[in-house]
Amino acid sequence: MSDNSFGKLFRVTSWGESHGLAIGCVIDGCPPGLPLNEAMVQEALNRRRPGHGKYVSQRREPDLVQILSGVFEDDRTDGPRTTGTPIAMVIENIDQRSKDYGDIRDRYRPGHADFTYDAKYGFRDYRGGGRASARETAMRVAAGVVAKQILHHLYGENISIQAAMVQMGTDKIDRDHADWGRLYENPFWCPDEQAAARWAEQLETIRKNGSSIGAVVEVVAKGLPAGLGAPVYGKLDAELAGALMSINAVKGVEIGAGFAAAGLSGENNADEIRMGQAGPEFLSNKAGGILGGISSGQDIVARIAVKPTSSILTPRKTITSAGEETEIITKGRHDPCVGIRAVPVAEAMMACVLADQALRHRGQVG
């Protein structure tokens, strides 16, 4: 299987399956001398891991990370520092229930990658989706921690990348009451506490019915300079879209105004510019902080549409690997709204793309 790596100068390769012994990643291209320890990575992983609340998968994985290489500490450093060599990390899988998937070994789950994996490889690991499982995204979150360290090193500690759930099903947050400083105060990583309360009530019913619902996640990067990205094939928004689209269950990506831009006039869509004391100031941000594939210095804003989890208890029509028509119920421990755990993953993928672009920018223009 190819295509398990992404990035150019900051390059991440992940490995492992949902029900294998472990999952892991190798990160290449990280500059030397940056602070990095397991506690930093663990803090980010704890936001993504399953089993930390009733609204996510009840698989009990502590997701304890080990850094195997690429860092060094002695009496001349104030903690472990990156060495510039490949950083390898690993997380053991300890709470697999492969027996939950015995009933589907020969049946394709609608909405999953079962049929397409069989069509491509002629073979699939049916236990939790194998390589197609969202379990793999834990290593993206780990890589995102390293990426953020690079961005802080290059541009200062004021750089921030935050993601939040801004819609569940058709219910959107009220942006007039949103407070992004309170994302950690509810289980949805939601900036609107009233919306979070509504979602909790709705999702409790959905969960008890064995069903699922979709979501929209927004991720915003603040403090980045103008100039990241390159025309024509290295556009920042194109690489962001590809990275975010690679997240499990994501079926749509938009930058800035996104699809709403199609309903605007040229006058309303253009982000006017004035000259401020610190340089150019934009009067709006319909472009999402990216013009011509290059960052403008504004907030970089992207949103992803996350589909409902396909593993549900309602019988669905399907076929077997032998072509026989049948029905299927997917048992096991699944997220009623996978958008919740997509929040830290979206944050990490934004960080990885920006770190890669920042290193390439430095390499080209100094």
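The values are calculated or read from the model by the stated rules, or taken from the named source; none is laboratory data. The structure presented is a predicted model; accordingly, all values stated were derived computationally and were not measured. Because the Cβ atoms are built from the backbone with ideal geometry, glycine has one as well, and the counts that use them run over all protein chains shown. Only protein heavy atoms, including side chains, enter the accessible area calculation; ligands, DNA and RNA are left aside. Shrake-Rupley method; radii C 1.70, N 1.55, O 1.52, S 1.80 Å.
For the chain, modelled as a GNM whose springs connect Cα atoms under 10 angstrom apart, the maximal fluctuation among Gly181, Gly258, Gly111 occurs at Gly181. Span-like helix check, the chain: qualifying full DSSP H segments, with Cα axial length of 27 Å or more and mean Kyte-Doolittle of -0.5 or more, are 339-365. For the range 209-299, the Kirkwood hydrodynamic radius comes to 14.8 Å, computed from all pairs of different C-alpha atoms. The heavy atoms of Phe72 present about 120 square angstrom of accessible area, all protein chains included, probe 1.4 Å. Rolled with a 1.4 Å probe across the full set of protein chains, the surface gives Lys307 an accessible area near 60 Å². For the chain, lysine pairs separated by 8 or more sequence positions, or belonging to different chains, with Cα-Cα distances below 14 Å total 6. Can you bin the range 225-363 into rounded, prolate or oblate? Criterion: square roots of the alpha carbon gyration tensor eigenvalues sorted a ≥ b ≥ c, rounded for a/c under 1.5, prolate for a/b above b/c, oblate for the rest. Taking the square roots of the gyration eigenvalues as a ≥ b ≥ c, the range 225-363 is prolate. Using R0 = 35 Å, the C-beta based FRET efficiency linking Gln202 and Arg362 works out to 0.15.
What length, rounded to one decimal in nm, is gained on full extension from Phe115 through to Ala262, with 0.36 nm per residue of separation minus their alpha-carbon distance?
Numbers: separation 147, 0.36 × 147 = 52.92 nm, distance 3.49 nm.
Once the chain is fully extended between Phe115 and Ala262, it gains 49.4 nm.
Estimated from helical segments only, the mean residue ellipticity of the chain at 222 nm is -8500 deg cm²/dmol, where each DSSP H run of four or more residues counts as -39500 (n - 2.57).
Going by accessible surface with a 1.4 Å probe and the largest first, His112, His152, His177 read His177, His112, His152.
Were the residues from Glu327 through Arg274 laid out at 0.36 nm apart, the gain over their Cα-Cα distance would be 13.0 nm. Modelled spin labels at Ser69 and Ser284, positioned 7 Å past Cα toward Cβ, are 5.2 nm from each other.
Using a/c under 1.5 as the rounded threshold, could you call the range 317-366 rounded, prolate or oblate? The axes a ≥ b ≥ c are square roots of the C-alpha gyration tensor eigenvalues, and prolate needs a/b larger than b/c, oblate otherwise. The partial results should precede the final answer.
Details: a/c = 7.31, a/b = 2.54, b/c = 2.88.
It is oblate, given that a/c is not under 1.5 and a/b is not larger than b/c.
Taking R0 as 30 Å, what FRET efficiency do you get between Asp103 and Ser246 from their Cβ-Cβ distance, rounded to the nearest 0.05? The computed FRET efficiency comes out at 0.55. Protection proxy ranking for 160-167, 347-354, using the average of other Cβ atoms within 10 Å per residue and placing the highest first: 347-354, 160-167.
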